[in-house]
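To keep things clear, I will list the structure first and then write my remarks on it.
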Amino acid sequence: MRVMVMIKATKTSESNAMPSEKMLTEMGQYNEELMKAGVMLSGDGLKPTSMGKRVVFSGTSERQVIDGPFPLSEKLLAGYWIWQVKDMDEAVAWVKKCPDPMPGDESVIEIRPFFELEDFGEEMTPELREKEEQMRKALE
């Protein structure tokens, strides 16, 4: 099972405050542990929303581009990992081992499973499945 593990943004992360050397060391050690266990597929920290943009879709052709920063909310992310785990319990166990990603602020980490091809049932025809598998191979 693949999951996305999302570190929620805080006022501190949105202020573009850089992590301490201690935090970078601890998180680097944690990432190494994840990699050695074959869990971590990908992961990165994200710059604050002041450096981002949103594109809002209205109808079929309207696109509105909004420059950051965006209002702080539980929807903002400061970083993410993509993990391969056997189940949600394993993902939770790994998150519990994580160093506090937002020292001084309340840290929230959300875990969400990815859709897999089999989740789509009959709607995922053999032709669509083949195209999807070809695309995924090309991305590797």
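The values are calculated or read from the model by the stated rules, or taken from the named source; none is laboratory data. Bear in mind that the values here come from a model prediction, so they are computed numbers and not experimental data. Quick reminder, even Gly has a Cβ in these numbers, built from the backbone with ideal geometry, and neighbours come from all protein chains shown.
Does K53 qualify as being of a type in the set (K, R) and within 30 Å of E32 (Cβ to Cβ)?
No, not satisfied.
If the Cβ limit is 6 Å and pairs must be 6+ apart or interchain, which residue in region 1-22 that is under 22 Å from P71 (Cα atoms) pairs with which residue that is assigned to a loop (DSSP other than H, G, I, E, B) and hydroxyl-bearing (S, T, Y)?
Hits for this filter: zero, empty list.
From (1) in a loop (DSSP other than H, G, I, E, B); (2) modelled with pLDDT under 95, pick out the condition that doesn't hold for C98.
(2)
At pLDDT 95 or above, surrounded by 12 or more Cβ atoms within 10 Å (Cβ to Cβ) and basic (K, R) - does that describe any residue in region 70-91?
Within region 70-91 (the criterion being at pLDDT 95 or above, surrounded by 12 or more Cβ atoms within 10 Å (Cβ to Cβ) and basic (K, R)), the answer is no, since none of the residues qualifies.
Assess whether L72 counts as being in contact (Cβ under 8 Å) with a residue 60 or more places away in the chain and either farther than 21 Å from E110 by Cα or in a helix (DSSP H, G or I) (or both).
It is false that L72 is in contact (Cβ under 8 Å) with a residue 60 or more places away in the chain and either farther than 21 Å from E110 by Cα or in a helix (DSSP H, G or I) (or both).
Go through region 15-51 and give me each residue that's in contact with a Leu (Cβ under 8 Å, 6 or more places away or on another chain) and either among the aromatic types (F, W, Y) or farther than 26 Å from V92 by Cβ (or both).
T49
When both residues are 6+ apart or on different chains and their Cβ atoms are under 8 Å apart, which pairs have a first residue that lies in region 23-39 and is at positive phi, and a second that is outside any helix (DSSP H, G or I)?
As it stands, the answer is G38/Q84, since those pairs meet every condition given.
Table: residues versus (1) of a type outside the set (G, A, S); (2) surrounded by 13 or more Cβ atoms within 10 Å (Cβ to Cβ).
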residue: M4; (1), (2): yes, yes
residue: E14; (1), (2): yes, yes
residue: L41; (1), (2): yes, yes
residue: S50; (1), (2): no, no
residue: G59; (1), (2): no, no
residue: R63; (1), (2): yes, no
